[in-house]
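Please read the structure below before turning to the comments.
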Amino acid sequence: MSETDTPLAGVIGSPIAHSKSPALHGHWLRRYGLEGHYIPMNVSRENLADVIRMLPKMGFAGVNVTLPHKEAMIGLADVITDRAALIGAANTIIFRKDGKVQADNTDGYGFIENLKQGAPEWRADSGPALVLGAGGASRAIIVSLIDAGTPEIQISNRTKSRADALREEFGPKLRVVDWTQIGTVIEDAATLVNTTTQGMVGNPDLRLPYEGLRPTCVVNDIVYTPLRTGLLEEAAKAGCVTVDGLGMLLHQAVPGFERWFGMRPEVDDALRAAVLSA
Ligand code: ATR
């Protein structure tokens, strides 16, 4: 491979210093002995459009996009995948050979793959899902659960109007549950997902009526700092299979890496360790 053909990719956000993506992609590049570089880039909103048009001219095959640019990226792309359009945000950008900028969203894919790996017996269609929170992560997860065949999604958010807006948008499979009424539905849940910031380092743990949790419910927290949140500890006590949030970050990176660097990478313990120690 000549010098100019060395594949380049990276991650664009602001701030970007704490992004785990460079460690993640760097681990895979080293592990598979691939030529290539993955570079963190701090880009402001006002420069985003210029940077996105310039990167392919500099040899970039694509980039990840993170906060706060995920929604804005939709308006800057030439081609938007169905799932990115449904979620209303993009995290994986492909600079195509035909010159078009393609925006995809692999967050929901990462969520589903993490559940499949962490709880191999989990089935999307085994019963209702209870999703806590109604922000961007919740949107991606709802889209992926509907796509995977979950029959009903109960959504509960501290600010109910945001959950109502998701119900309006995504339709009758969603049922809004008052934040104070989670106890009335928790026992129906086959899948429970926390997408709120509660339980993250510096925030108090979620306080839920855990006594209603059935041991057959698979419980996932997308918070991964700490890895074992209060929610996961309580769920484990109730006999549930628990899945931590780190895997969603790792799995969402797979499609981009494969596209940019030409090899489908594995999500395994060595990757987890590399990302955790970064
Ligand atoms: P993201 O886009 O990363 O999902 P977000 O849009 O900031 O993040 O959403 C954060 C989620 O955490 C929201 O559902 C938020 O609830 P509100 O919509 O009521 O703000 C939820 N959240 C934050 N602090 C919370 C708290 N103290 N109790 C319950 N939910 C909380």
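The values are calculated or read from the model by the stated rules, or taken from the named source; none is laboratory data. These figures come from a predicted structure and were not determined experimentally. Reconstructed Cβ throughout: ideal geometry from the backbone, glycine too, with neighbour counts over all protein chains shown.
Annotation note: of ARG228, ARG214, the sole residue that is part of a loop (DSSP other than H, G, I, E, B), under 30 Å from ASN105 (Cα atoms) and more than 16 Å from the ligand (Cβ to nearest atom) is ARG228. For region 231-255, the tally of residues that are away from the ligand (no atom under 16 Å from the Cβ) and polar (S, T, N, Q) stands at 1.
Out of curiosity, is ARG162 under 20 Å from LEU232 (Cβ atoms), within 11 Å of the ligand (Cβ to nearest atom), free of Cβ contacts under 8 Å to residues at least 60 places away in the same chain and not aliphatic (A, V, I, L, M)? When the stated conditions are applied, ARG162 does not pass them. In a residue-by-residue description of region 79-94, the property of being exposed (fewer than 14 other Cβ atoms within 10 Å of the Cβ) and assigned to a helix (DSSP H, G or I) applies to at least one position. Summed over region 1-56, the residues that are outside any helix (DSSP H, G or I) and more than 26 Å from PRO68 (Cβ to Cβ) give a count of 9. The set of residues from region 108-143 being assigned to a loop (DSSP other than H, G, I, E, B) and within 16 Å of the ligand (Cβ to nearest atom) comprises GLY133, ALA134, GLY135. Restricting to region 185-211, name every residue that is more than 11 Å from the ligand (Cβ to nearest atom), farther than 16 Å from PRO128 by Cβ and either part of a helix (DSSP H, G or I) or in contact with a strand residue (DSSP E or B) (Cβ under 7 Å, 6 or more places away or on another chain) (or both). Selection gives TYR210, GLU211. Quick check: is even one residue across region 10-19 surrounded by fewer than 16 Cβ atoms within 10 Å (Cβ to Cβ) and either farther than 25 Å from LEU250 by Cβ or in contact with a Cys (Cβ under 7 Å, 6 or more places away or on another chain) (or both)? Checking region 10-19: not a single residue is surrounded by fewer than 16 Cβ atoms within 10 Å (Cβ to Cβ) and either farther than 25 Å from LEU250 by Cβ or in contact with a Cys (Cβ under 7 Å, 6 or more places away or on another chain) (or both). If you go through region 32-60 and keep only what is of a type in the set (Asp, Glu) and within 18 Å of THR6 (Cβ to Cβ), you end up with just GLU35.
Checked against (1) in a helix (DSSP H, G or I); (2) more than 22 Å from the chain's Cα centre (by Cα); (3) not small (Gly, Ala, Ser), GLU169 meets all criteria but (2). Within region 172-184, none of the residues are within 14 Å of the ligand (Cβ to nearest atom) and closer than 17 Å to CYS240 by Cα. Applying the set (1) part of a loop (DSSP other than H, G, I, E, B); (2) touching a helix residue (DSSP H, G or I) at 6+ places or on another chain (Cβ under 6 Å); (3) not hydroxyl-bearing (Ser, Thr, Tyr) to VAL219 leaves exactly one unmet item: (1). Taking each residue of region 184-198 that is among the acidic types (Asp, Glu) and looking for partners that are in a loop (DSSP other than H, G, I, E, B) and away from the ligand (no atom under 11 Å from the Cβ) with beta-carbon atoms closer than 8 Å, six or more apart or interchain, yields GLU187/LEU213; GLU187/ARG214; ASP188/GLY127; ASP188/PRO128.
Residue count for region 232-244, restricted to those that are part of a loop (DSSP other than H, G, I, E, B) and touching a residue at least 60 places away in the same chain (Cβ under 8 Å): 1. Kindly establish whether MET73 is at pLDDT 95 or above and part of a helix (DSSP H, G or I). Yes; evaluated as a whole, the condition is true for this residue. Would you confirm whether any residue within region 156-171 is at pLDDT below 95 and within 23 Å of ASP82 (Cα to Cα)? Checked against the condition, which is being at pLDDT below 95 and within 23 Å of ASP82 (Cα to Cα), region 156-171 yields at least one hit.
Kindly establish whether ASP125 is within 24 Å of VAL218 (Cα to Cα), of a type in the set (Asp, Glu) and surrounded by fewer than 21 Cβ atoms within 10 Å (Cβ to Cβ). Here the answer is yes, as ASP125 does meet what is asked.
Here the condition is being over 20 Å from ARG96 (Cβ atoms) and in contact (Cβ under 8 Å) with a residue 12 or more places away in the chain; of ARG45, ARG30, it holds for ARG45 alone.
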